[in-house]
Amino acid sequence: MPLLWITNASSCIRSSTSPRRSSQRQNFRMDASLGSKIKLSDAYCNLANALKEKGLVSEAEECYNKALRLCPSHVDTLNNLGNVKREQGKIEEATTLYMKALEVFPNFAATHSNLASLLQHQGKLHEALMHYRQAINIQPKFADAYSNMGNTFRELQDITGALVCFKKAIEINPSFADAHCNLASIYKDMGNITEAIEFYKNALRYKPDFPDAYCNLVHCLQIICDWDDYHERMCNIVMIVTDQLKSEKLTSVHPHHSILYPLPNKVRKEIAIRHANLYSEKVRMLTKVVFNHNCKSIDRIRIGYVSSDFGNHPTSHLMQSIPGLHDHSKIEVYCYALNPNDGTTFRSKIIKEAEHFIDLSKITCNIEAARKIYYDGIHILVNMNGYTKGARNEIFALKPAPVQVMWLGYPGTSGADYMDYIITDEISSPLSSTCDFSEKLAFMPHTYFIGDHRQMFPHLKNQYKVKTNIETKNEVNDAIINSSENVDIENTFKVDKYIETIKFENCEKIEITKRIIDIPNYVTEITTNSRRVQVLVSGIPINNGISINYTNKKVASGEEAFNDIIFTSRKQYGLPNDAIVYCNFNQLYKIDPFVMETWIRILNQVPNSVLWLLSFPAAGEPNIRNYAQNLGLSPDRIVFSKIACKEEHVRRGQLADICLDTPLCNGHTTAMDVLWAGTPVVTLPGETLASRVAASQLKTLGCSELIAGNRQDYENIAIKLGTNTEYRRYIRAKISKARLESTLFDCEHYVRNLEILYEKMWCRYKNGEKPDHIKVS
């Protein structure tokens with residue numbers, strides 16, 4: 001947010017009615033000498049402003065000081081010199097100057113706004129709001145103050161307050177491009193992408209050279225798969241980023257978004273470095289606090305996990321069991337929540353199983369939050385956010401722990417000199433990629449990814465294929481029953497259970513248990529109605545799979561394990577019973593024109609096949625359909641479903657035959673979800689960590705044959721799975737068996753290896769050695 005500089009106003013003493021005009025000081029009697037000094041102070045102030053604009057900061061500062069020596073109460077100079085001190089990181093001096101200006105002239109709206117901005121950057125958000133309000137009370141048409149106050153509300157996660165402020169700023173100044181951009185960003189945060197696009201376009205109409213608005217607009221268009229002028233937009237993004245890096249500016253492309261654009265990894269790293277430096281500069285401006293660390297002998301390593309996602313969020317779905325599985329004789333676990341308690345079991349489980357749980361959402365000042373971590377004596381502090389929503393990287397920039405580590409929540413480098421390691425694996429981040437990271441690589445032995453699916457969804461371990469009268473040449477899962485291990489389903493219904501040995505060419509034989517259940521056909525018909533929550537069969541209730549969100553919210557969210565019998569069918573989702581169903585359950589922003597064209601070629605090569613996607617977001621669905629139709633694909637070959645609750649989302653993955661991963665940015669949690677459902681994932685690793693995660697998951701399962709070497713290989717694997725029934729049966733059996741036997745979903749095994757890495761990190765620090773690449777032997 002720009003600082004407000006005052007020029008062309010005699011301002012030694014001001015009336016309460018105007019911050020600007022010397023002519024309104026007629027109520028004060030001045031002698032000629034004082035008037036002369038004021039005029040000379042005005043001249044020095046204006047000269048200083050001109051020098052500052054030319055980048056001659058030292059000369060400008062000297063002129064401001066001359067103005068103040070002539071007239072110590074010259075409020076314009078006090079304000080402008082305060083701005084200089086702030087830019088120099090001299091926060092205390094800047095604050096003193098602003099306060100002095102307000103002492104002389106309490107109704108100085110510009111200084112109230114500048115002081116509010118300073119307080120906002122210090123994390124003193126409520127104090128900032130107070131000064132913004134004072135600025136607006138003095139100057140009701142102060143559009144800048146409204147816009148900046150909106151940003152403060154946004155930081156406080158007060159969406160309503162932010163919306164009101166941005167709309168008011170636009171009402172005052174309809175061509176205020178920054179306010180249009182800020183309002184668009186709020187709509188984007190809310191998931192209202194269509195509105196966001198409209199206001200980013202408004203911002204660009206009023207200010208065509210506005211990189212922040214343009215880059216955010218491009219990202220919104222990517223979210224809804226609007227690929228008109230796609231190649232031109234990509235070229236523009238590359239040009240903007242290149243120019244900004246050359247001029248040493250903060251890039252308008254966010255680090256997390258950089259994986260979506262055709263940028264070299266070197267550039268992606270530099271984008272991250274710029275953003276990391278921003279946090280370093282911010283904390284240097286705000287404080288001189290330095291945390292000193294020592295290498296004294298300890299009984300246990302204190303690990304501090306920092307996250308804004310301790311609650312109902314994919315990150316907690318993955319790692320909620322990790323704190324409780326640590327060996328507490330070696331590790332002392334602290335969890336620092338950056339988000340308020342959402343009241344879910346995910347949160348309460350972590351609170352219960354971590355030895356120490358601290359809610360930092362109540363400590364909005366980053367310096368105080370860092371001080372709390374430091375006083376807790378944390379040895380290794382783990383950043384689980386990176387550049388995702390809710391992050392507070394200022395805490396890490398203050399370096400409150402001697403060793404600081406990136407883990408799980410962000411698939412890329414931090415670019416920060418205050419982060420020592422990133423926990424990864426040799427598939428996701430091969431040693432050849434070390435130059436793409438500012439951190440040293442800490443390699444897990446299989447995959448750095450983990451999922452708690454075995455604990456959350458034990459009822460999906462076994463599938464009971466529903467016997468139907470439909471004749472089909474494809475062996476597909478058109479209707480499935482799952483049940484809790486506590487239910488004796490095999491003595492409740494007629495179940496044909498047998499061991500089957502599955503072979504394919506020269507591959508190793510696989511033995512699996514087949515379970516075919518015989519239930520009446522009317523169950524399939526009745527359960528297409530979500531209001532019919534159960535169906536009775538021989539007096540036994542079977543839950544309707546599309547109604548779980550209405551019957552038990554905690555089971556639906558995955559907070560509690562399902563403890564009954566549940567029915568899922570293709571008919572519930574409008575999927576053909578006898579078709580080969582390819583699926584992808586990622587958010588649509590991970591799809592680009594290249595992979596869409598690849599998927600269409602696959603569908604054209606596999607008769608009677610469909611592509612199953614999510615309306616995530618709904619605004620993307622018509623764009624995908626139109627693009628596919630323009631390439632000659634029949635509209636009925638793509639089936640969209642709504643976003644579902646977590647349990648249904650994972651369970652319905654059983655109905656698909658093959659999952660086609662997105663090479664641009666893989667499914668990470670979604671790939672784990674589909675694999676737990678027993679459905680194979682075909683992936684094509686790229687050059688980024690984010691594009692290689694699914695490959696590391698498949699390697700851990702022992703299913704490397706699903707990892708493509710290039711785009712043609714990706715197509716060939718997908719087509720072979722779609723057209724060769726025996727191969728598809730073999731691969732599905734292999735996935736189904738491996739998910740239960742491999743380490744991919746074994747949280748306890750994962751924690752033991754994670755602890756080895758922590759011990760190695762600490763050992764290096766204790767021995768006075770710099771961080772270096774490490775791995776579990």
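The values are calculated or read from the model by the stated rules, or taken from the named source; none is laboratory data. Since this is a predicted model, take the numbers as computed values, not measurements. Backbone-built Cβ (ideal geometry, glycine too); neighbour counts: all protein chains shown. The accessibility values were calculated without ligands, DNA or RNA, using every heavy atom of the protein model including side chains. Shrake-Rupley method; radii C 1.70, N 1.55, O 1.52, S 1.80 Å.
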Open item on the list: Please report the spacing between the Cα centers of region 236-314 and region 178-213 in Å, no decimals.
Closed with: 24
Task: ³J(HN,Hα), Karplus 6.51/-1.76/1.60, whole Hz, each residue of region 703-713, x for Gly, Pro - done: 10, 5, 5, 8, 9, 7, x, 7, 5, 5, 4
Open item on the list: If you count only protein heavy atoms with a 1.4 Å probe, what accessible area per residue comes out for region 79-209, rounded to a whole Å²?
Closed with: 42
Open item on the list: Going by amide H atoms built from the backbone, whose H comes under 5 Å of the H on residue 302, apart from near neighbours?
Closed with: 332, 379, 380
Open item on the list: In whole Hz and in residue order, list the ³J(HN,Hα) couplings for region 499-513 that follow from phi through the Karplus curve 6.51 cos²θ - 1.76 cosθ + 1.60, θ = phi - 60°; x for Gly and Pro.
Closed with: 8, 10, 9, 10, 10, 8, 6, 9, 6, 5, 5, 10, 9, 10, 9
Task: Gap separating the Cα centres of region 508-530 and region 477-494, nearest whole Å - done: 8
Task: Within the chain, helix-based [θ] at 222 nm, where runs of 4 or more DSSP H residues each add -39,500 (n - 2.57), nearest 500 - done: -13500 deg cm²/dmol
TODO: Starting from the coordinates of the alpha-carbon atoms of region 455-545, obtain the Kirkwood hydrodynamic radius over all distinct pairs and give the value in Å to one decimal.
DONE: 15.0
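In debye, nearest 20, what is the charge dipole magnitude of region 37-221 about its Cα centre with +1 on Lys and Arg Cβ and -1 on Asp and Glu Cβ, if you could check?
On the way: 20 positive and 21 negative charges, 68 e Å.
Charge dipole of region 37-221: 320 debye, to the nearest 20.
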Task: Extent along principal axes [Cα atoms of region 166-219; Å; largest to smallest] - done: 26, 23, 13
- [ ] Treating cross-link reach as a plain straight distance, find the lysines whose alpha-carbon is under 18 Å from the alpha-carbon of residue 100, omitting any fewer than eight places away in the same chain.
- [x] 66, 85, 90
Task: Whole-Hz ³J(HN,Hα) from phi, Karplus 6.51 cos²θ - 1.76 cosθ + 1.60, for region 766-777, glycine and proline x - done: 4, 8, x, 8, 6, x, 8, 4, 9, 8, 6, 4
- [ ] For region 576-742, just list the percent of Cα-Cα distances falling in each 10 Å bin from zero outward, please.
- [x] 11, 44, 38, 7, 0
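Calculate, for region 285-346, the solvent-accessible area per residue in square angstrom, rolling a 1.4 angstrom probe over the heavy atoms of the protein chains.
On the way: 2510 Å² over 62 residues.
Averaged over the residues of region 285-346, the accessible area is 41 Å².
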Open item on the list: Among the listed pairs 296/399; 37/141; 590/646; 362/646; 269/389; 124/201, which have their C-alpha atoms separated by more than 24 angstrom in this model?
Closed with: 37/141; 362/646; 124/201
Task: Charge dipole (the chain, unit charges on Cβ, about Cα centre) - positive-most of 129, 311, 216 - done: 129
Task: Size of electric dipole in the chain: Cβ of Lys, Arg +1 and of Asp, Glu -1, about Cα centre, debye, nearest 20 - done: 1520
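State the percentage of accessible surface on the chain attributable to carbon and sulfur atoms; use a 1.4 Å probe and exclude ligands, DNA and RNA. List each step's numbers first, then the result.
On the way: 15580 of 32070 Å².
C and S fraction of accessible area: 49 percent.
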TODO: Would you mind checking 330/770; 282/760; 440/461 for any pair whose Cα atoms are more than 26 angstrom apart?
DONE: 282/760; 440/461
Task: Sum of side-chain charges, residue 547 neighbourhood, beta-carbon under 11 Å (Lys, Arg +1; Asp, Glu -1) - done: +1
- [ ] Rounded to whole Å and ordered largest first, report the semi-axes of the equivalent ellipsoid of region 388-520 derived from its Cα gyration tensor (root of 5λ).
- [x] 48, 20, 13
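What relative contact order, as a whole-number percentage, does region 525-624 give when Cα pairs under 8 Å and 6 or more residues apart are counted?
Details: 103 pairs, mean separation 20.0, N = 100.
20 percent.
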- [ ] Please report, in whole Å, how far the alpha carbons of region 37-221 spread along each principal axis, starting with the longest.
- [x] 56, 32, 28
